[in-house]
């Protein structure tokens with residue numbers, strides 16, 4: 001990962017002393033921030049005074065922005081929006097400390113590294129390269145500091161008219177990519193929006209009214225590569241005459257699947273035709289039907305792409321396809337499975353995108369109180385096992401990598417064993433297992449401990465051996481992160497017991513279990529208020545008085561959501577932190593019902609169903625999604641009680 005060059009070198013002209021020991025500047029900034037938040041009705045005057053009182057009584061100094069967020073008065077998006085209106089300005093390091101993105105000691109360390117580096121580096125580069133903070137957070141703050149918007153250029157959505165007078169080499173030379181037109185002005189993205197040379201060259205091409213936005217330097221290179229490949233494809237298309245219909249159809253199906261953001265492509269032979277379906281947001285959606293005469297050529301084409309045997313039609317096969325996304329030019333991995341049926345071979349293509357957004361933990365969607373507990377009682381503990389559990393396709397890997405991203409720093413050694421490696425993370429040692437060459441969990445885990453790691457990441461606990469290895473690693477003082485396939489948090493503990501892991505080992509090593517699911521999000525473009533039916537409330541054991549001030553929403557269907565009423569997905573969570581009462585229940589081999597009851601009483605745990613209901617009453621998802629996907633082990637508590645337990649306003 002390469003940090004963007006800071007547009008203004010003066011942003012880095014600061015010393016450790018001046019950047020953290022100027023209370024007058026900090027106080028003036030916080031006073032100005034408070035006035036903006038009150039003026040914009042983000043907080044009340046009473047809330048601001050309360051935050052100031054809390055801030056003054058803390059034994060460890062915290063900024064006003066951090067205190068306001070910890071009190072759940074504002075979120076990060078509200079804070080960043082307000083910062084743009086604050087007239088008082090802080091330098092980059094000071095602003096990062098004020099926002100809680102950096103600690104003062106970390107800023108001093110970064111400035112020391114910057115000062116001692118033989119090559120002059122800007123502060124932002126030092127911070128990202130040494131994992132003091134993520135590039136995303138740095139860019140968010142830089143955008144505020146420079147008064148510009150932050151974008152991620154998508155070549156497939158760039159206005160073709162803006163590309164007519166430029167070429168990929170020009171984009172690389174000046175670090176500029178056009179984004180589109182907004183209110184009659186051309187918008188271009190660059191990692192250096194304040195650079196005079198960038199502004200001059202861009203305005204020569206796109207006009208004097210050009211607007212500049214901030215982006216990653218890597219985004220420029222990716223867009224330029226996609227631009228180059230699109231020109232090459234256009235040239236090849238003009239030189240070709242005719243072409244195989246099966247080849248064209250296969251490329252079209254894959255391209256349409258990527259446009260639809262499908263996670264899986266199902267190519268299914270029927271009695272008289274071939275049916276194509278996409279899995280979008282976890283649900284199967286019909287795409288098209290292909291005539292019978294194209295069935296055999298199309299299946300053969302996919303076998304050739306996947307490296308499978310086209311002459312073998314009696315046995316199941318697997319393969320891998322690397323397909324170039326025509327809209328971005330980026331390679332996309334697809335895992336191919338060929339399954340023999342009575343009508344022929346069914347193909348399922350799983351899209352394994354290497355360009356998945358790495359979320360911060362706070363962006364996952366955990367309730368406020370659970371998020372605080374997850375940070376302080378789970379991720380910040382020095383050792384122990386963190387289990388992330390749920391069925392296939394529930395977002396476990398995304399959560400796992402969010403935790404890795406949080407823990408990844410210059411002070412920690414992180415090592416992984418995954419099957420396969422799905423996201424590439426700079427700064428950690430990742431191992432992709434390969435059973436074909438006997439690179440398995442069994443012979444990899446002993447070597448991991450010898451690598452002097454602080455954090456060990458196991459892609460998944462699959463059997464007794466991997467479970468025992470995780471336990472042993474935790475017993476020797478390591479932090480272990482892994483995923484597990486169980487229905488809920490208590491189910492994970494019971495399954496470990498059923499794998500013949502001693503209860504005293506479970507209670508002494510497992511720090512927490514996080515269960516999760518993904519529910520479809522109501523489409524914001526066609527959402528309308530609706531009243532749940534009596535049958536839905538009855539299935540939950542609710543009546544209208546239990547719902548409080550619920551605001552249920554239902555998508556009516558539109559072009560944006562392919563007329564499904566849903567667009568995208570959100571996570572629902574159940575966090576169990578093992579306190580002494582829960583550990584004692586495990587040691588005594590209590591039943592799942594008793595362990596769950598102890599968890600409710602002693603740790604104020606909320607269930608998957610309750611978190612799903614909380615998101616439904618806020619209009620983020622629907623009751624039908626909650627009832628269809630979440631386990632209903634016990635009757636949920638009233639909504640007001642759930643809000644109190646989760647710290648939700």
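Could you look through the stretch 309-319, keep only residues that are surrounded by 14 or more Cβ atoms within 10 Å (Cβ to Cβ) and assigned to a strand (DSSP E or B), and pick out the one that is modelled with the highest pLDDT?
Here the answer is 317.
Looking at the stretch 434-463 only, could you name the residues that are under 13 Å from residue 420 (Cα atoms) and in contact with a strand residue (DSSP E or B) (Cβ under 7 Å, 6 or more places away or on another chain)?
Listed by number, the residues that qualify are 441, 457, 458, 459, 460.
Out of all the residues in the stretch 165-190, which are closer than 13 Å to residue 224 by Cβ and part of a loop (DSSP other than H, G, I, E, B)?
166, 167, 175, 176
With 93, 100 as the choices, which residue is on the phi > 0 side of the Ramachandran plot and touching a helix residue (DSSP H, G or I) at 6+ places or on another chain (Cβ under 8 Å)?
100
Could you identify the single residue in 371, 387, 366, 400 that is assigned to a loop (DSSP other than H, G, I, E, B) and crowded, with 17+ Cβ neighbours inside 10 Å?
366
Anything in the stretch 329-349 that is farther than 16 Å from residue 269 by Cβ and either crowded, with 20+ Cβ neighbours inside 10 Å or not assigned by TED's automatic domain parsing to the domain that holds residue 271 (or both)? List them, or say none.
Of everything in the stretch 329-349, those that are farther than 16 Å from residue 269 by Cβ and either crowded, with 20+ Cβ neighbours inside 10 Å or not assigned by TED's automatic domain parsing to the domain that holds residue 271 (or both) turn out to be 329, 334.
With the structure loaded, tell me whether residue 490 is in contact with a strand residue (DSSP E or B) (Cβ under 9 Å, 6 or more places away or on another chain), closer than 23 Å to residue 394 by Cα, touching a residue at least 24 places away in the same chain (Cβ under 8 Å) and in a strand (DSSP E or B) or whether it fails that test.
No.
The rows are residues; the columns are (1) loosely packed, with under 15 Cβ neighbours inside 10 Å; (2) in contact (Cβ under 8 Å) with a residue 40 or more places away in the chain.
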site: 167; (1), (2): yes, yes
site: 173; (1), (2): yes, no
site: 177; (1), (2): no, yes
site: 186; (1), (2): no, no
site: 226; (1), (2): no, yes
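Could you check residue 610 against (1) farther than 26 Å from residue 639 by Cβ; (2) surrounded by 21 or more Cβ atoms within 10 Å (Cβ to Cβ) and say which number it fails?
That leaves (1) as the condition not met.
Out of 274, 258, I need the residue that is buried (at least 20 other Cβ atoms within 10 Å of the Cβ), modelled with pLDDT of 90 or more and in contact with a strand residue (DSSP E or B) (Cβ under 8 Å, 6 or more places away or on another chain). Which one?
Just one listed residue meets the conditions, 274.
Give the stretch 403-416 a look and list any residue that's under 19 Å from the mean Cα position of the chain (by Cα) and part of a strand (DSSP E or B), or say none.
Within the stretch 403-416, 416 is the sole residue that qualifies.
Of the residues that make up the stretch 363-385, is at least one more than 28 Å from residue 506 (Cα to Cα) and at pLDDT below 90?
yes
Hey, could you check the stretch 261-271 for residues that are modelled with pLDDT of 90 or more and over 21 Å from residue 569 (Cα atoms) and say which is nearest to the chain's Cα centre (by Cα)?
Among residues in the stretch 261-271 that are modelled with pLDDT of 90 or more and over 21 Å from residue 569 (Cα atoms), the one nearest to the chain's Cα centre (by Cα) is 267.
State whether one or more residues within the stretch 226-234 are more than 29 Å from residue 90 (Cβ to Cβ) and not in a helix (DSSP H, G or I).
No: zero hits.
In the set 275, 320, which member is free of Cβ contacts under 8 Å to residues at least 40 places away in the same chain and within 15 Å of residue 346 (Cβ to Cβ)?
275
From (1) surrounded by 14 or more Cβ atoms within 10 Å (Cβ to Cβ); (2) over 32 Å from the mean Cα position of the chain (by Cα), pick out the condition that doesn't hold for residue 358.
(2)
Based on this model, can you work out whether residue 203 counts as free of Cβ contacts under 8 Å to residues at least 40 places away in the same chain and either assigned to a strand (DSSP E or B) or under 22 Å from residue 142 (Cβ atoms) (or both)?
Criteria met by residue 203.
All but one of (1) outside any loop (DSSP other than H, G, I, E, B); (2) surrounded by fewer than 10 Cβ atoms within 10 Å (Cβ to Cβ) hold for residue 25, so report the exception by its number.
Among (1) outside any loop (DSSP other than H, G, I, E, B); (2) surrounded by fewer than 10 Cβ atoms within 10 Å (Cβ to Cβ), the lone unmet condition for residue 25 is (2).
Identify all residues within the stretch 417-447 that are closer than 23 Å to residue 334 by Cβ, in contact (Cβ under 8 Å) with a residue 40 or more places away in the chain and assigned to a strand (DSSP E or B); write none if there are none.
Result: 418, single match.
Do the conditions hold for residue 519, that is, is it in contact (Cβ under 8 Å) with a residue 24 or more places away in the chain, in contact with a helix residue (DSSP H, G or I) (Cβ under 8 Å, 6 or more places away or on another chain) and over 16 Å from residue 615 (Cβ atoms)?
no
Being part of a loop (DSSP other than H, G, I, E, B) and touching a helix residue (DSSP H, G or I) at 6+ places or on another chain (Cβ under 8 Å), is that true of even one residue in the stretch 30-40?
Yes, that holds for at least one residue.
The values are calculated or read from the model by the stated rules, or taken from the named source; none is laboratory data. Everything quoted here is computed from the prediction, not taken from an experiment. With ideal geometry, Cβ positions are generated from the backbone for all residues, glycine too; neighbour counts draw on all protein chains shown.
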